[in-house]
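What follows is one structure encoded as structure tokens, with my remarks underneath.
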Amino acid sequence: MDAIPPPRFEELVGAALDAVPEELWARFDNVVVLVEDAHEDEPDLLGIYEGIPLTEREEYSGEVPDVIRIFRLPLCAIAEDDDHLVDEVYVTVVHEFAHHLGIDDDRLHELGWA
């Protein structure tokens with residue numbers, strides 16, 4: 001489908017974040033979510049987690065926040081329609097959030113979140 005305007009896409013990401021279960025939000029620590037058009041080196045990437053997963057944090061104080069980046073253009077490109085885009089945005093947000101929790105891609109594939 002054609003790319004939707006950035007403000008509308010940001011609303012979809014916000015709605016996906018709102019849909020994350022409360023018990024998971026309790027684990028969300030020192031991480032920000034950004035919306036960008038596309039990854040500078042990998043234009044087909046849907047999202048990326050950059051940081052130190054919770055499972056690997058030992059002496060963790062004074063660190064800059066981890067970052068989850070969600071990419072508008074590739075997500076719009078793979079979506080067949082608005083409903084599919086909403087689903088793909090949610091899956092991508094959950095996928096990247098899972099990396100923050102320390103869940104790797106293999107496990108996400110097993111769980112159906114990849």
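Give, rounded to the nearest 20 debye, the magnitude of the charge dipole that the chain has about its Cα centre when Lys and Arg contribute +1 at Cβ and Asp and Glu contribute -1 at Cβ.
About 240 debye.
So for the range 50-102, what are the equivalent ellipsoid semi-axes in whole Å, largest first, each being the square root of 5 times an eigenvalue of the Cα gyration tensor?
In descending order, the three semi-axes are 29, 11, 6 Å.
What are the residues whose amide H is under 5 Å from the amide H of D37, where those residues sit 5 or more places off or on another chain and H is modelled from the backbone?
R72
Exposure proxy check: V67, V91 ranked by fewest other beta carbons within 10 Å?
If I rank by nearby Cβ atoms, fewest first, I get V67, V91.
Taking the Cα-to-Cβ direction at D104 and at E59 and moving 7 Å from each Cα, how far apart do the two end points lie in nm?
Result: 2.6 nm between the two label points.
Using the Kirkwood formula over every pair of different C-alpha atoms, what hydrodynamic radius in Å results for the chain?
Details: mean 1/r = 0.0687 Å⁻¹.
Final number for the Kirkwood radius of the chain is 14.6 Å.
Can you tell me the 0 to 90 degree angle between the C-alpha axis of helix 82-101 and the longest principal axis of the chain, rounded to 10?
Compared with the principal axis, the helix lies near 10 degrees.
Read-outs throughout are calculated quantities, based only on the coordinates presented, and are distinct from any laboratory measurement. Computed from a prediction, not measured in an experiment: that's the story for all the values here. Here the Cβ is made from the backbone with ideal geometry for all residues, glycine too, and neighbour counts use every protein chain on show.
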